[in-house]
Amino acid sequence: MQPKPPADRSRPGPNDDVEDLMRVAHAAAQLAYAPYSKVRVGAALLGEDGQVYTGCNVENASYGLTLCAERSAVVRAIASGERRFRAIAIATDQPQAFMPCGACRQVLLEFAPKLWVHVQGSQSALESVSLAELLPRAFSPRDLP
């Protein structure tokens, strides 16, 4: 019997059930606080160990203080002690899917440069892309002296 090769973490694998992760993200979107935009977004962040951390957008009357679902999930994960991630699912109640904003892309890169990003709207097909494709030539911790 030959040893099993190490899992390729550069692509979603069979243990990364994207559809289940997306269902969790859609449920998280229902918890969003979005009285101004009326757009609910939820995120489900898959940790390296298989734990899922959820987040939703939390708007504020001072718009610059609004927290996106993706960063909300990252904060929850970090506060729980997780530092490495395999994938994130982002769902919205809008018909079309939304990709993460630039700030969220940068925050995700800090912890998971090889992250898979899965997005879906209420009426759109699931779309998957790597974070590297969304943020090419990114500034990262390795660029610091």
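The values are calculated or read from the model by the stated rules, or taken from the named source; none is laboratory data. Computed from a predicted structure; not experimentally measured. Heads up, the Cβs are rebuilt from the backbone with ideal geometry, glycines too, and the neighbour counts pull from every protein chain shown.
Can you tell me which residues in segment 115-138 are in contact with a Phe, Trp or Tyr (Cβ under 9 Å, 6 or more places away or on another chain) and at pLDDT below 95? Spell out how you get there, then give the answer.
If we filter segment 115-138 for residues that are in contact with a Phe, Trp or Tyr (Cβ under 9 Å, 6 or more places away or on another chain), which is where we start, we get 115, 119, 121, 128-131.
Hits for segment 115-138: nothing passes.
Could you grab me the full set of residues in segment 34-55 that are within 18 Å of MET99 (Cβ to Cβ) and either surrounded by 24 or more Cβ atoms within 10 Å (Cβ to Cβ) or among the polar types (S, T, N, Q) (or both)?
SER37, VAL41, GLY42, ALA43, ALA44, LEU45, LEU46, GLY55
What number of residues within segment 9-33 are modelled with pLDDT of 95 or more, part of a loop (DSSP other than H, G, I, E, B) and surrounded by fewer than 18 Cβ atoms within 10 Å (Cβ to Cβ)?
2
Hey, any hits in segment 69-84 for a residue that's out of contact with any helix residue (DSSP H, G or I) (no Cβ under 9 Å at 6 or more places or on another chain), loosely packed, with under 12 Cβ neighbours inside 10 Å and hydrophobic (A, V, I, L, M, F, W, C)?
Within segment 69-84, one or more residues are out of contact with any helix residue (DSSP H, G or I) (no Cβ under 9 Å at 6 or more places or on another chain), loosely packed, with under 12 Cβ neighbours inside 10 Å and hydrophobic (A, V, I, L, M, F, W, C).
PRO141 is checked against (1) of a type outside the set (Lys, Arg); (2) within 20 Å of ALA32 (Cα to Cα); (3) at pLDDT below 95 and fails just one. What number does that condition carry?
Going through (1) of a type outside the set (Lys, Arg); (2) within 20 Å of ALA32 (Cα to Cα); (3) at pLDDT below 95 one by one, PRO141 breaks only (2).
Within segment 111-138, track down each residue that is over 12 Å from the mean Cα position of the chain (by Cα) and within 19 Å of THR54 (Cβ to Cβ).
Of everything in segment 111-138, those that are over 12 Å from the mean Cα position of the chain (by Cα) and within 19 Å of THR54 (Cβ to Cβ) turn out to be GLY121, SER122, LEU126.
What pairs come up if the first residue lies in segment 95-110 and is under 15 Å from GLY42 (Cβ atoms), the second is surrounded by fewer than 18 Cβ atoms within 10 Å (Cβ to Cβ) and among the charged types (D, E, K, R), and their beta carbons are under 8 Å apart, counting only those six or more places apart or on different chains?
ALA97/GLU127
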